[in-house]
Amino acid sequence: MSAPVISVESLTGARFSDQLLASANSGGCASSSCGSSTRPDDVDPAIWDKIKDHPCFSEEAHHYFARMHVAVAPACNVQCNYCNRKYDCANESRPGVVSEKLTPDQAVRKVIAVANEVPQLSVLGIAGPGDACYDWEKTKATFERVVREIPDVKLCVSTNGLALPDHVDELADMNVDHVTITINMVDPEVGAKIYPWIFYDHGRYVGIQAARILHERQMLGLEMLSARGILTKINSVMIPGVNDQHLIEVNKWVKQRGAFLHNVMPLISDPAHGTHYGLTGQRGPNAMEMKALQDRLEGGAKLMRHCRQCRADAVGLLGEDRGQEFTLDQIPGELTYDAGKREAYRELVADERRDRLAARSEAIGMVKTTSSGKSLLVAVATKGGGRVNEHFGHAKEFQVYEASPIGINFIGHRKVEQYCLGGWGENATLDGVIAALEGIDVVLCVKIGNCPKDQLADAGIRATDAYGHDYIETAIGAIYAAESGVPALAAIA
Ligand code: CLF
Ligand code: SF4
């Protein structure tokens, strides 16, 4: 096929490629630390085993591992006011995007093509358009073939929950151990403002009755999954004035029923998408409203903060989308599965993760011991591996970390338009990037020119490339310590 080979060098730099070649040539595992020895101290070993390679269920894993989606199940049994069904399912995917729909056979061919080429691939998800549990036969046919032909890819499913209880046992039989349910309400009165109708048990229901049925099925599905040890992520679309305050209650309910993660996503509402909310002027939350709600939810069900609301045919690390390299017309009719690249990558990553975790805990320990009380927001240009390794002008997003006396925590990302294209940067684009970085104290990148650096400084944002290729937490820890008066580690110009 014509898709380029995704090299480990392109992700993480020359040191990685040398290690990758050495481990690949040795024909065996180069590391004594494969797998679970990289487990963070605060995660149960059995849980870690399930999440360590899942980019959505582990923030740490999302620096190393990729997901792909196949859009095989377009039928849906619910109407959400933020969807008009012309696009992907907005419960999991970015609204306004149309994905390439596939038959199960086409989907399996695509998974083999991606697995052969993308070393980071670890998870196959079915996440719209439509509902994977309602359009079950296609979901099941796809998963069964993938289990047979590519057994080392994890399976993941996203659903509105209405048909979920009917298929929990089959999901368990297929070793699906990651399921996402979109739960926007636990009070049917709130639900009636979000769902005009549902289709259930051969009938159509509207209003509060529809919302009540949906709520009961969602809770039942969640309880059934928890009872079987299947990890659940709850997606909630934050709709200001409709369910924003109510999501605190949702968080409590799902925590009580064993949810592993709660992912609050902003409503994206655009009249051009033709949805009810888009056409009636319902706005989505801004970044500060999102953060305020997420901060209020701390202490409840554990929050996911690294979601990118990806496409229903997304391919790659979260935050990148290589789906256009793997459209059907680029995939050969006959393909043989070759696990070589992915196996070599995993060996490499096992060592790297252990090193990074050690560096991370050292940096966090140091930040906790400074007594400045300061809080610092740092935006990092990275293309993966947990390192500062992207040019400022090439970044399409910045990962945002907060350094404070409680440690160094990933708190989200800011999407931007790529500023530098072919060695040339547009001022208007730079203005947009600077606006997207509002509130950020420091930008870390591997390279930045004087012009953008000066304009960032004018906006009160310091930028430095002094920590290029360092681990993110190491770099942030050094800056935090320097700014807190601990003997200088590196200066920010
Ligand atoms: Fe896909 Fe979803 Fe599985 Fe991940 S996505 S089905 S859990 S493999 Fe991930 Fe994408 Fe956010 Fe979804 S970043 S939209 S949370
Ligand atoms: Fe649209 Fe997904 Fe809601 Fe169905 S469940 S109406 S596809 S957002």
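The values are calculated or read from the model by the stated rules, or taken from the named source; none is laboratory data. What you see is a predicted model, and the numbers here were worked out from it, not measured in a lab. When we count neighbours, we look across all protein chains shown, and the Cβ atoms used for this are built from the backbone with ideal geometry, even at glycine. These area figures cover heavy atoms from the full protein model, side chains too; ligands, DNA and RNA do not enter into them. Shrake-Rupley method; radii C 1.70, N 1.55, O 1.52, S 1.80 Å.
Listing for the model above:
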read-out: Tilt relative to the chain, helix 427-436 - C-alpha long axis, 0 to 90 degrees, to 10; value: 70
read-out: Helix 136-149 axis, angle to the chain major axis (alpha carbon atoms, nearest 10°); value: 50
read-out: Expected 222 nm ellipticity per residue - DSSP helices of 4 or more, -39500 (n - 2.57), all of the chain, to 500; value: -10500 deg cm²/dmol
read-out: Shape call, segment 172-216: gyration tensor on alpha carbons, a/c limit 1.5; value: oblate
read-out: Spherically averaged projected area of segment 132-214 from its Cα convex hull (nm²); value: 5.7
read-out: Greater than 32 Å apart at Cα, pairs in Lys374/Lys453; Lys154/Lys383; Lys368/Lys415; Lys110/Lys453; value: Lys110/Lys453
read-out: Rg/Rh (Cα only; Kirkwood hydrodynamic radius) as it applies to segment 340-484; value: 1.00
read-out: Order by protection proxy (mean Cβ within 10 Å, highest first), peptides 395-401, 256-262, 459-465; value: 395-401, 256-262, 459-465
read-out: Whole-Å semi-axes of the chain's equivalent ellipsoid (Cα gyration tensor); value: 35, 28, 22
read-out: Listed residue pairs exceeding 19 Å between alpha carbons, taken from Lys50/Lys341; Lys50/Lys101; Lys252/Lys302; Lys52/Lys302; Lys50/Lys233; value: Lys50/Lys341; Lys50/Lys101
read-out: Sequence of Trp424, Trp197 when ordered by accessible area, the most exposed leading, probe 1.4 angstrom; value: Trp424, Trp197
read-out: C-alpha center-to-center spacing [segment 412-466, segment 263-290] in angstrom; value: 27
read-out: DSSP-defined beta bridges in segment 340-484 - what % are antiparallel, rounded to 5; value: 70
read-out: Solvent exposure, largest accessible area first (probe 1.4 Å, DNA, RNA and ligands not counted), of Lys50, Lys138, Lys252, Lys233; value: Lys252, Lys138, Lys50, Lys233
read-out: Value of relative contact order over segment 340-484, rounded to a whole percent, pairs C-alpha under 8 Å and six or more apart; value: 28
read-out: Listed peptides 474-484, 426-436, 339-349 by packing density, highest first (mean Cβ within 10 Å); value: 474-484, 339-349, 426-436
read-out: Average accessible area per residue (Å²) across the chain - probe 1.4 Å, nucleic acids and ligands excluded; value: 40
read-out: Protection-proxy order for peptides 202-208, 308-314, each taking the mean of Cβ atoms within 10 Å per residue, highest first; value: 308-314, 202-208
read-out: Rounded accessible area of Thr280 (nearest 10 Å², 1.4 Å probe); value: 90
read-out: Compactness relative to 2.2 N^0.38 Å, alpha carbon Rg of segment 45-320; value: 0.93
read-out: Surrounding net charge for Ile406, when Lys and Arg each add one and Asp and Glu each subtract one, Cβ distance under 13 Å; value: -1
read-out: The chain - share of DSSP beta bridges that are antiparallel (%, nearest 5); value: 45
read-out: Farthest positive-ward along segment 283-329 dipole, Cα basis, beta-carbon charges - from Val315, Phe326, Met290; value: Met290
read-out: Under 5 Å, built H, 5+ apart or other chain: amide partners of Met265; value: Ser236, Val237, Met238
read-out: Percent of alpha-carbon pairs separated by more than 18 Å within segment 283-375; value: 75
read-out: Farthest toward positive dipole pole in the chain [+1 Lys/Arg, -1 Asp/Glu at C-beta], among Ser226, Ala107, Gly300; value: Gly300
read-out: Whole-number percent relative contact order across segment 45-320, with pairs defined as alpha carbons under 8 Å at least 6 apart; value: 24
read-out: Apportionment of accessible area to carbon and sulfur, the chain, percent (1.4 Å); value: 50
read-out: Mean separation of Cα contacts under 8 Å, 6 or more apart, over the residue count of segment 202-310: relative contact order %; value: 27
